[in-house]
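The values are calculated or read from the model by the stated rules, or taken from the named source; none is laboratory data. What you see is a predicted model; the values in this text were computed from it and never measured. Reconstructed Cβ throughout: ideal geometry from the backbone, glycine too, with neighbour counts over all protein chains shown. Each accessible area value is taken on the protein alone, full model and side chains, heavy atoms only, with ligands, DNA and RNA left out. Shrake-Rupley method; radii C 1.70, N 1.55, O 1.52, S 1.80 Å.
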Amino acid sequence: MAQDTGSTDDPLPLLRLLQLVSPSLPIGGFAYSQGIEWAVEAGWIRSAEQLQAWLLDQLGNSLVNLDLPLLARMYDAARVRDLAAMIHWIDWLLAARETSELRAEEANRGRALADLLIAWELTGARDWKTTLARSQAAGFAFAAAAWAIPVRNTALGYAWGWLENLVLAGIKIIPLGRAQGQRILQRLAAEVPAAVARALALADHEIGASTPALAIASSAHETQYTRLFRS
């Protein structure tokens, strides 16, 4: 399992993590709703409370049991420069993405992030570009390992970035006031540390998640007539 690296007294890894999770990062995270747009149209999500419940369910299922434990293993692979392991964990993640829309998001954001890693001149990024371009989680893990961001903080930042992007999507689609969105973030942020702890404790054979509602919403969004968000 991944081990933390980097001194907790050094502020630079924290600043690098803030850069990685910033909404201004040009990888298109703001362009996707991961099924929320269709769920709103279908009447599944009509309020701040329903959006909060939707995201809490995904946090406790897909992020804890799939995304975050695989992110930690990608971090390990990047830290020791094990390309075969990185490919293995990317294959696992893509196989677990339940719709073509979710796989396309992973790849589209992955290509953009791979280009950014090269622009940042991170050692090895150019050599691994083809692999990293398949998954934005892999690029995130690669950057975190290169910048000596501790793995727990890497997972916390990844979960926060996911949560913030989808709350912002909900604010636009439902719509919600920004104060309501911030209350959702405040409440769900309190759940993230325990979620990360559970995720980092999983053994390989425990990794995997099924989120039927997300799969249905994402599949339906692929052919939704009017859309603000990418499919």
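Before moving on, here are some points about what is shown:
- Length-normalised contact order of the chain in % [C-alpha pairs under 8 Å, at least 6 apart]: 38
- For the chain, the longest principal axis of the C-alpha atoms and the axis of helix 151-173 are separated by about 20°.
- Under 10 Å, Cβ to Cβ, from residue 60 - net charge with Lys/Arg +1 and Asp/Glu -1: -1
- Dimensions of the stretch 68-195 based on its C-alpha atoms, expressed as ranges along the principal axes with the largest first, amount to 45, 31, 28 Å.
- Surface listing: 9, 91 arranged by accessible area from highest to lowest gives 9, 91, probe 1.4 Å.
- Cα gyration tensor category, rounded, prolate or oblate, for the stretch 85-159 with a/c compared to 1.5: oblate
- Answer label for volume of the Cα convex hull per residue in Å³ (calculated), chosen among (i) 121; (ii) 139; (iii) 113: (iii)
- Charge dipole of the stretch 53-143 about the Cα centre (unit charges at C-beta), most positive-ward option of 60, 74, 122: 122
- Positive contributions from Lys and Arg (+1) and negative ones from Asp and Glu (-1), summed over other residues with Cβ under 15 Å from the Cβ of residue 83, come out at +2.
- With the cut-off at under 19 Å, measuring from each backbone N in the stretch 47-77 to a point 7 Å along the Cα-to-Cβ line of residue 224 picks out 47-59.
- Qualifying chymotrypsin sites (Phe, Trp or Tyr not before Pro) in the stretch 89-133, where qualification requires a DSSP coil assignment and no more than 13 other C-beta atoms within 10 Å, comprise 120.
- Order by protection proxy (mean Cβ within 10 Å, highest first), peptides 57-68, 97-108: 57-68, 97-108
- Taking the longest Cα principal axis of the chain as reference, the axis of helix 68-79 is set at about 30 degrees.
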